[in-house]
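Visitor: Sharing a structure here in structure tokens format.
Coordinate-derived values only; no laboratory data. For clarity, every value in this text was computed on a predicted model and none was experimentally measured. Neighbour counts run over all protein chains shown; Cβ positions are idealised from the backbone, glycine included.
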Amino acid sequence: VGRLAALAGRQGGTLPSELLKAYMGEPLGFSNSSKETTTAIEAHAYRLCLGVGVQPENAGFFLEREKDGLPQRLQWVSTIDPYAPEERPEAVDPIDIVVPDFGRDRYVVPIPGEARHEIDEHRRLVLIGSQDVDPLDGHLMLTRLKIAFSLAVLAQRKAVDESDWKLAGELTDMSQRVRADIKFVLVEQQ
């Protein structure tokens with residue numbers, strides 16, 4: 001995280017804005033006059049997964065970018081497991097993931113009606129400035145939908161079902177709790 005903060009703090013640094021664009025599948029990088037120095041990647045021509053381990057006291061880099069929307073786009077996960085067994089469990093066998101073929105044409109992912117309703121209602125609450133929506137939850141439903149679709153793909157399906165949506169909801173609820181705990185630690189640190 002220290003290195004991320006240093007890179008983001010450089011004059012002309014674009015790391016935070018590139019991360020925000022990557023979350024949305026937008027074009028990344030830069031086109032220069034020389035092909036050898038061009039780093040441009042077309043929109044939706046990539047998939048990005050970024051995992052960062054950070055102690056709560058060092059998470060300010062992410063939470064300080066609230067106005068830019070960075071912490072809203074993250075899935076926050078704790079490494080504390082109150083249910084960890086006393087004895088180490090057997091190793092889990094690796095699995096092969098077969099990603100469904102989505103073809104080359106645009107593919108619209110089917111989602112359950114319940115998911116569509118919850119997404120629409122949350123967006124309405126954001127638009128009217130409801131006090132029931134934490135400003136850090138502006139992208140909550142998009143994150144939840146991305147998680148639900150990831151679960152469907154892991155199950156080799158091309159559509160989100162109710163169980164994907166429900167489990168993604170449990171994961172985003174946990175993320176909100178972890179993020180709140182981190183914010184508390186940072187406030188106490190001041």
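Visitor: Hey, which aspartates and glutamates would be in cross-link range of residue 158, C-alpha to C-alpha under 13 Å, not counting anything within fewer than 8 residues on its own chain?
Guide: 101
Visitor: Here is a further query. Which chymotrypsin sites (Phe, Trp or Tyr not before Pro) in region 1-84 pass both tests, a DSSP loop state and at most 10 other beta-carbon atoms within 10 Å?
Guide: Filter output for region 1-84: 83.
Visitor: Please sort by residue number the trypsin sites (Lys or Arg not before Pro) in region 29-137 whose DSSP state is loop and whose Cβ has at most 15 other Cβ atoms within 10 Å.
Guide: Here the sparse-neighbourhood loop sites are 47, 104, 106.
Visitor: Give, in whole angstrom and from largest to smallest, the semi-axes √(5λ) of the equivalent ellipsoid of the chain, with λ running over the eigenvalues of the Cα gyration tensor.
Guide: Calculated on Cα positions only, the semi-axes equal 26, 26, 21 Å.
Visitor: Can you tell me how region 55-113 classifies by the Cα gyration tensor, rounded, prolate or oblate, using a/c under 1.5 as the rounded cut?
Guide: Oblate, since a/c reaches 1.5 and b/c is not below a/b.
Visitor: OK, next. Percent relative contact order of the chain, based on C-alpha pairs within less than 8 angstrom and at least six residues apart?
Guide: 22 percent
Visitor: Which order do the peptides 4-11, 161-168 take when ranked by the mean count of other beta-carbon atoms within 10 Å per residue, highest first?
Guide: The packing order, highest mean first, is 161-168, 4-11.
Visitor: Something else: According to a simple spin-label model (label point 7 Å from Cα along Cα-to-Cβ), what is the distance in nm between residue 54 and residue 26?
Guide: Going by the 7 Å Cα→Cβ label model, 2.0 nm.
Visitor: Taking a ≥ b ≥ c as the square roots of the eigenvalues of the Cα gyration tensor of region 99-163, is the shape rounded (a/c under 1.5), prolate (a/b larger than b/c) or oblate?
Guide: Prolate.
Visitor: Between residue 146 and residue 11, what is the label-to-label distance in nm when each label sits 7 Å out along the Cα-to-Cβ direction?
Guide: 3.3 nm
Visitor: Related question: Just from its helices, what would the mean residue ellipticity at 222 nm be for the chain, if runs of 4 or more DSSP H residues each count -39500 (n - 2.57) and the sum is divided by every residue, rounded to the nearest 500 deg cm²/dmol?
Guide: -13500 deg cm²/dmol
Visitor: Please tell me which of these pairs span more than 25 angstrom C-alpha to C-alpha: 21/67; 67/146; 67/166; 21/146?
Guide: 67/166
Visitor: If a/c stays under 1.5 just call it rounded; otherwise compare a/b with b/c (prolate if a/b is bigger, oblate if not). Do that for region 8-77, with a ≥ b ≥ c from the square roots of the Cα gyration tensor eigenvalues.
Guide: Prolate, since a/c reaches 1.5 and a/b exceeds b/c.
Visitor: Identify the residues of region 139-180 with backbone N under 16 Å of a label point that sits 7 angstrom from the Cα of residue 108 along the Cα-to-Cβ direction, or state none.
Guide: Under 16 Å, as judged by backbone N against the label point of residue 108, lie 159-160 of region 139-180.
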